[in-house]
Every structure is written in C-alpha cells, then in structure tokens.
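J.: Once you've had a glance at the structure underneath, I'll fire off some questions.
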Amino acid sequence: MEYKRFLFDDILENKLKVEPVDKEQIDSIKRQWDKIAKPIDSFGKYEEFHSKIAAIQGYEAPDLYHMRLIVCCGDHGIVEEGISQADQDVTRICATNIGKGITTAGVLARNLGIDILAVDVGINAPTEVPYTLNRRVKYGTCNFLKQPAMSVEEFSRAVQVGMDLVKDSKENGYNVLLVGEMGIGNTTSASVVAGYLLDLNAEAVTGRGAGLDDEGFSKKRAVVAMALSMYSGLSPIEICSNFGGLELAAMTGVILGGALYRVPVILDGMLSLVSAVVADRLLENTKDFLIPSHVSKEPVSRKLLSKLSLEPVLDANMAVGEGAGAVMMASTLRMADIVFHDALKFSDSGVEQYENFNLRL
C-alpha cells in the first residue's frame, strides 16, 4: 500500500495535526491482560507498552514481529575541539559495520529477526559509505563554536529524510520502528541541544559519551558551557540548526513520521531522547507514539524522559548507542507478548477471575 508523503514544511507551517492515541482503546486491550491467570497488573509497564503498541497499530494485539531498526549516521565539526577520543573516520567505519549487521545492535537485531538499516545523513567521507543508504545532506556539520552547525534548510532536509524513511518502512510492512545513531562527537551536540531545550547548565547535561578521561571530559564540558552562553530565546529549529547533528535531525524526522503514520517508535538512549523532545515541541502529541527503552548513563537522560512523560523499564547504566537499548527492549516486549498469547487464562485455571480496580473505564 502506498501512503501519502507528509512534508516537514507543513509541520513548520502548522498544517499537520496528530490525534493522541486513544486511551479507551489502550484500556480495552489492557483488559485482555487481566484474563491471564496472574496477579492483576503484575507485568507492570510491559502490559502498558504492549497495549499501547496495539492501540497505535489499530490491532487487538500488537504486531511485534515486523520491525526495522533505523540507525542514522553523521559527523560533527565540533570534534575539532578535542571533545572525543576518536576522529571522524570512525563514524564511516562504524556506519559500514552497522550496515553489515555485525556491531552490537546488529547482532542483537539479527538474533531477533529485526531488519537493520544504516542511513548516511551526514558522514564526512569523499565517497558513498558501503552498506548504508545514502541520504547525505551535508559532509558533516560545522564546528558550532565558529559558525552554525548547519543551515535551517539543511536541518529541514535531514528531518525530511527521517519522515520519508517511516513512509517507506510502513509501505514495506514494518509495524514497529526502532531508532539508533552513530556519529563521533554527537553527545556534545546533543548535550548543548538538551541544555537549551531544558534550560540546564553544562554540568547538568554533559556526560562522558563513549568514554572520555578526566581531561577530555573537562574540555567537553567547557565546550558545552561556551555553546550554552552564545544565545538566548532560541526556537527549537534555531537550537538544532546552530548546535545539532544531521543524524539527530533525521531521528527527529523518524519520530515525527511515527506519529504521522501511526507507527510506534522504540527509542534508544540520550541521543534519541533529545530528538524526541525536539519532535514533540514541533508537533503536539508526538510523544504519544513513543516507547522508551532504557535510562542511559548520560546525566541528562532522566530529565529528558521526564519531559516526555516516559518511564522506561531498563536501567543498566548503558551507553552503547546504535539502537542497542531499543533492540533489547524489543526482545523483552516479545517475551511479554508470549505471556499475553500463551499463558494460562483464568477461565481455564480453576481460579476465579481477579478484579481490576485500576482501569480508567
């Protein structure tokens, strides 16, 4: 089936609206969980997320077996400031390996039968990157201490890439999307964006990323502090074009597309949360279509989750990236789905049906 192409420009012009997920439909599906011979609500948030995914999809039970992991990749000019332990060549190498399906997220996804798509939105490489989908908007962002990371037009193009990927995914039968990223230096950009969005200082938003030593961490925090002192009163678009990343913009597009095409999106860690906050600022009710996965070790993660009113189930101090946390969440959702379909029901157990006093209806 072919779907209408939604345009990011129409979001900017307030021409597109998204209806929230029907809470009554979620409750209706949730009632099916109550028929399982176990204590009411005993699968906790898994019952909530499982029912929410089905409601988004418009099914009586969710389809958790047609999934695609979209990993958006791009480079960052701010690496000139020595804020990362690796140089930009690593982005290209890792993107290739992600596309091959042999990295951490790749082997997890392959084990679950989840398709993986690595997308080059802004890798600074002279040629096309093998095993990636070439949607390059720009050869990496600029050093945002010297000039804007990208133009508003470039940011908009990268967002549109993500939105179009959702359209393509839905047309190809994917009913759940997972997001991940790869980009050396991107936690520095994301920290600045988070600081502006949440009105927080550098100390509150800056973490060690892929693993900086004390000297590197001090340098990174100083760069974030300088960036946060450059402007005031910026709009989300201005924040992202001045300090963001092309892969972060594409993830914003995937999240917006999930809401517009009504496809649930499983988030990963801090970077995807920053993109989600941006998306929800641009299009009301977008966060309704998001499924959290984990709390990453980056210090601002919990504040971003709170802003989105999301409560993840995994808290393992992870900082992998690539969508690895999203894939792990998908695996546990599938285990919950097995219980939903196959576990003994009260009607067959010889135990009287328990009452649920917590439903809204």
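J.: Can you pull out every residue in the stretch 307-361 that is more than 30 Å from Ile116 (Cβ to Cβ) and within 26 Å of the chain's Cα centre (by Cα)?
T.: Result: no residue meets the conditions.
J.: Taking helices (runs of 4 or more DSSP H) that fall entirely within the stretch 38-145, which contain at least 1 residues that are farther than 30 Å from Met226 by Cβ, free of Cβ contacts under 8 Å to residues at least 60 places away in the same chain and hydroxyl-bearing (Ser, Thr, Tyr)?
T.: 44-57, 89-100
J.: Sticking with this structure for a sec: Inside the stretch 312-361, can you point out the residues that are part of a loop (DSSP other than H, G, I, E, B), out of contact with any Lys or Arg (no Cβ under 9 Å at 6 or more places or on another chain), on the phi < 0 side of the Ramachandran plot and surrounded by fewer than 13 Cβ atoms within 10 Å (Cβ to Cβ)?
T.: Val351, Glu352, Glu355, Phe357, Asn358 - these are the residues of the stretch 312-361 that are part of a loop (DSSP other than H, G, I, E, B), out of contact with any Lys or Arg (no Cβ under 9 Å at 6 or more places or on another chain), on the phi < 0 side of the Ramachandran plot and surrounded by fewer than 13 Cβ atoms within 10 Å (Cβ to Cβ).
J.: Just give me the residues in the stretch 146-159 being in contact (Cβ under 8 Å) with a residue 60 or more places away in the chain, under 22 Å from Thr91 (Cα atoms), assigned to a helix (DSSP H, G or I) and not small (Gly, Ala, Ser), in sequence order.
T.: Listed by number, the residues that qualify are Glu154, Phe155, Val159.
Each row is one residue, and each column tells you yes or no for (1) among the β-branched types (Val, Ile, Thr); (2) over 16 Å from Ala324 (Cβ atoms); (3) surrounded by fewer than 18 Cβ atoms within 10 Å (Cβ to Cβ).
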residue	(1), (2), (3)
Lys100	no, no, yes
Tyr139	no, yes, yes
Val161	yes, yes, no
Ser169	no, yes, no
Leu178	no, no, no
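J.: Also, quick follow-up: Given (1) touching a helix residue (DSSP H, G or I) at 6+ places or on another chain (Cβ under 9 Å); (2) at positive phi, identify the lone condition not met by Ser301.
T.: Status for Ser301: all satisfied but (2).
J.: Take the conditions touching a residue at least 40 places away in the same chain (Cβ under 8 Å), out of contact with any Leu (no Cβ under 8 Å at 6 or more places or on another chain), surrounded by fewer than 24 Cβ atoms within 10 Å (Cβ to Cβ) and under 28 Å from Lys17 (Cβ atoms) and apply them to Asn285. Does it pass?
T.: The answer is yes for Asn285.
J.: Would you check which residues across the stretch 126-180 are under 22 Å from Ile11 (Cα atoms), among the hydroxyl-bearing types (Ser, Thr, Tyr) and within 21 Å of the chain's Cα centre (by Cα) and list them?
T.: Residues satisfying the conditions are Ser156, Ser169.
J.: Test Asn186 against the criterion of being surrounded by fewer than 21 Cβ atoms within 10 Å (Cβ to Cβ) and out of contact with any Pro (no Cβ under 8 Å at 6 or more places or on another chain), and give yes or no.
T.: no
All of the numbers you see were taken from the coordinates with simple rules; none came from a lab. Note that this is a predicted model, so its numbers are computed, not measured. As a convention, Cβ positions derive from the backbone with ideal geometry for all residues, glycine included, and neighbour counts pool all protein chains shown.
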